[in-house]
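These notes concern the structure reproduced below.
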Amino acid sequence: MELVEAALADKPTVHAVTAPSGAPAPGAAAGAAGEGGGTGKAKGPKRLVAVTACPTGIAHTYMAADSLVAAAKEVGVDLQVETQGSSGAKALDPAVIAAADAVIFAVDVDVRGKERFAGMPVINAPVKRGIDEPDKMVAEALAAADNPHARRVPHYGAEEQAEHEAEEKGEHLGTKLKKALLTGVSYMIPFVAGGGLLIALGFLLGGYDITGFADKILADNSLFNLPTVYPELAWGPLGAYLGAVLFKIGALSLGFLVPALAGYIAYAIADRPGIAPGFVAGAVAVFMGAGFLGGIVGGLIAGYVAHAIGKLSVARWLRGLMPVVIIPLVASLVASGLLFVFLGAYIARVTVGLNEFLAGLTGASAIALGVILGLMMCFDLGGPVNKVAYSFAVAGLGAASIANQAPWQIMAAVMAAGMVPPLAMALAATVLNKRLFSLAEQENGKAAWLLGASFITEGAIPFAAADPLRVIPASMLGGAVTGAISMAAGVGSKAPHGGIFVFFAIDNFLMFVVAIAAGTAVSAFAVIGLKRWAVKKPVDSLVAVPVAA
């Protein structure tokens with residue numbers, strides 16, 4: 001993860017700005033002006049803390065942290081950031097939080113351990129704003145620190161219930177749903193990524209037919225009793241046994257896709273009491289054949305039911321039973337019961353219809369889908385639209401098989417298109433025409449080669465942030481070309497992530513590379529053309545002529 005942090009930042013990655021030992025901290029003058037504000041903190045320079053988190057926890061999380069730290073440093077403010085990324089989070093020291101005047105949440109998912117910041121003035125915004133407008137967020141946090149009426153992180157005890165409800169009412173339903181869905185996707189992806197790669201390795205060692213042999217091999221054989229009956233394409237008896245092991249582990253991991261999605265959607269809505277009902281609803285959705293659509297519906301129902309029950313005022317002796325017995329029991333019964341009795345069968349029909357539609361895509365319809373997915377992957381370079389396309393592809397992997405390879409083809413188109421923007425910017429800024437790019441962009445271009453090859457679309461964000469009206473359209477054009485070629489050639493990917501480094505899991509790898517190369521070239525030449533010719537023409541100034549009174 002350090003590689004990603006360093007590669008994406010224009011400056012060395014740091015997550016704290018501190019004053020030298022024995023010297024006054026920068027910004028003392030600015031801090032003095034805010035003394036006596038409504039925070040109750042000791043006099044002195046302002047101190048801020050922040051938490052950054054994006055759905056995948058790979059790039060936006062760290063880019064927002066770097067941007068906020070740099071913006072705070074420019075105004076002489078002490079800022080320390082907790083990055084809640086895919087590799088976990090190193091929690092801020094409680095003493096640092098206690099000394100802070102305000103907190104910034106630049107997040108697209110729920111903050112883990114939010115109760116640590118209870119009572120602090122808070123600025124809450126999507127993680128992308130932490131990248132695009134870090135200076136404004138820092139200024140808003142400083143203003144909130146001096147405002148006794150500023151919005152604060154609520155306590156979650158019973159005595160603060162009214163405050164918590166007021167905060168929730170100020171958040172639109174669409175924003176809540178988006179945050180809940182992105183939280184579910186964030187926690188689901190590790191199951192899918194690890195499981196998908198293990199399945200791909202199982203196919204590599206055991207052959208594609210290992211799906212029909214794995215259970216019997218694992219039941220009847222061991223490492224010291226290798227199978228005698230195994231797929232023709234397996235790497236011998238040992239390859240067949242290891243392939244069965246890897247395939248089964250991957251399949252079991254992938255089996256958590258829907259329960260994890262539903263469980264953490266419910267968690268985002270109702271906190272920890274929602275996890276168990278959400279997981280149960282997700283398992284019921286799998287049993288009913290409702291797939292990821294059923295998981296989303298079940299997770300939302302479980303979360304809102306658990307949340308509603310948690311708001312009830314109950315006797316003191318019953319409070320201890322609420323989160324561990326009553327809420328899981330009632331929320332599981334309601335959410336899973338609704339899926340069993342009313343909703344599950346209908347959602348299953350929709351899921352089956354969607355799978356049949358995807359399996360039947362050929363010719364122009366497949367190419368059109370590739371174009372749409374390519375446009376979505378490059379529209380916001382790792383933002384919500386990009387995540388919708390990626391989640392759609394990942395969710396379909398569970399239904400893929402030798403007979404139904406459409407989900408693998410969709411996954412390949414999504415991954416190939418997502419690799420295009422950083423590779424195109426790298427090609428344009430380091431090879432084709434360096435003079436059109438700043439020195440910082442040229443340095444980012446060097447890192448973007450690796451980021452693009454690894455399927456980290458966010459590697460193009462430094463370019464888009466500097467010139468969005470040229471970079472994003474050019475990226476979308478190349479992504480559409482790549483998606484179309486990939487789908488037309490029937491390229492398939494059994495791995496949900498990894499870029500060219502999971503070549504062993506990609507069917508028709510040559511056309512996979514051709515599709516990426518074509519889209520990269522189109523985007524690179526398009527952005528160069530736009531930078532050369534799509535420029536604002538200077539407006540001749542008009543000389544005012546005095547008019548006689």
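Highest average first, the peptides 403-410, 314-321 ordered by how many other beta carbon atoms sit within 10 Å of their residues are 403-410, 314-321. Judged by the gyration tensor of its Cα atoms, with axes a ≥ b ≥ c, the stretch 433-476 is oblate; a/c meets the 1.5 cut and b/c is at least as large as a/b.
Note on Asp220 and Ala98: their simple-model spin labels are 6.6 nm apart, each label 7 Å out from Cα toward Cβ. Over the stretch 396-549, accessible surface divided per residue gives 43 Å², non-protein components excluded, 1.4 Å probe.
Computed from phi, the 3J(HN,Hα) profile of the stretch 140-151 under the Karplus parametrisation 6.51, -1.76, 1.60 (θ = phi - 60°) reads 5, 5, 5, 5, 5, 5, 9, 10, x, 9, 5, 5 Hz, with x in place of Gly and Pro.
If you take the Cα atoms of the stretch 183-244, find Rg, then find the Kirkwood Rh from the mean of 1/r over all pairs, what is Rg/Rh?
Working: Rg = 13.6 Å, Rh = 12.1 Å.
Rg/Rh for the stretch 183-244 comes to 1.12.
Relative to the current alpha-carbon distance between Val385 and Val325, full extension at 0.36 nm per residue lengthens the span by 17.8 nm. Rounded to whole numbers, the Karplus 3J(HN,Hα) couplings from phi for the stretch 231-246 are x, 4, 8, 6, 7, x, x, 5, x, 5, 5, 5, x, 5, 4, 5 Hz, using 6.51 cos²θ - 1.76 cosθ + 1.60 with θ = phi - 60°, and x at Gly and Pro.
How do the peptides 218-227, 374-383, 468-477 rank, highest first, by the average count of neighbouring beta carbon atoms within 10 Å per residue? The partial results should precede the final answer.
Numbers: 218-227: 12.3, 374-383: 25.3, 468-477: 21.7.
Ranked from most to least packed, the peptides come out as 374-383, 468-477, 218-227.
What would the Debye formula give as log10 I(q)/I(0) at q = 0.16, 0.25, 0.30, 0.32 Å⁻¹ for the alpha-carbon point model of the stretch 255-302, no solvent? With one equal scatterer per Cα and no solvent, log10 I(q)/I(0) is -0.28, -0.66, -0.92, -1.03. Coupling constants for the stretch 424-433 follow from the phi torsions by the Karplus curve (6.51 cos²θ - 1.76 cosθ + 1.60, θ = phi - 60°), and in residue order they are 5, 5, 5, 4, 5, 8, 10, 10, 6, 7 Hz; glycine and proline get x. Surface exposure of the stretch 165-267, expressed per residue as accessible area with a 1.4 Å probe, stands at 48 Å². Label separation (Val431 vs His149): 5.9 nm, computed from points 7 Å beyond Cα along the C-beta direction.
Rounded to the nearest 0.05, what FRET efficiency is calculated for Val341 and Lys178 with R0 set to 45 Å and r the Cβ-Cβ distance? FRET efficiency, Val341 to Lys178: 0.95.
Kirkwood hydrodynamic radius, the stretch 298-375, all distinct C-alpha pairs: what's the number in Å? Could the numbers behind the result be given before it?
Working: mean 1/r = 0.0634 Å⁻¹.
Value: 15.8 Å, from the Cα pair sum.
Pairs exceeding a 18 Å alpha-carbon distance, out of Lys128/Lys434; Lys179/Lys311; Lys248/Lys387; Lys114/Lys179: Lys128/Lys434; Lys179/Lys311; Lys248/Lys387.
A simple count of charges around Tyr230, restricted to other residues whose Cβ falls under 10 Å of its Cβ and scoring Lys, Arg +1 and Asp, Glu -1, yields -1. Calculated on the Cα set of the stretch 230-274, radius of gyration then Dmax: 17.4, 51 Å.
Can you tell me how the stretch 346-494 classifies by the Cα gyration tensor, rounded, prolate or oblate, using a/c under 1.5 as the rounded cut? Present the calculation step by step, with values, prior to reporting the outcome.
Details: a/c = 2.59, a/b = 2.36, b/c = 1.10.
Note, shape of the stretch 346-494 comes out prolate.
Eigenvalues of the alpha-carbon gyration tensor of the stretch 328-413, scaled by 5 and square-rooted, set the equivalent ellipsoid semi-axes at 29, 18, 10 angstrom, largest first.
Share of carbon and sulfur in the accessible area of the stretch 240-311 stands at 74%, probe radius 1.4 Å.
Judged by the ratio a/c of the largest to the smallest principal axis of the C-alpha gyration tensor, the stretch 445-515 counts as oblate, that ratio being 1.5 or greater while a/b is no larger than b/c. Computed from the C-beta positions of Trp235 and Ala465 and an R0 of 51 Å, the FRET efficiency is 0.60 to the nearest 0.05.
The values are calculated or read from the model by the stated rules, or taken from the named source; none is laboratory data. This is a predicted model, so every value here is computed, not measured. Don't worry about glycine lacking a Cβ; one is built from the backbone with ideal geometry, like all the others, and counts go over all protein chains shown. Side chains included, ligands, DNA and RNA excluded: accessible areas come from the protein's heavy atoms. Shrake-Rupley method; radii C 1.70, N 1.55, O 1.52, S 1.80 Å.
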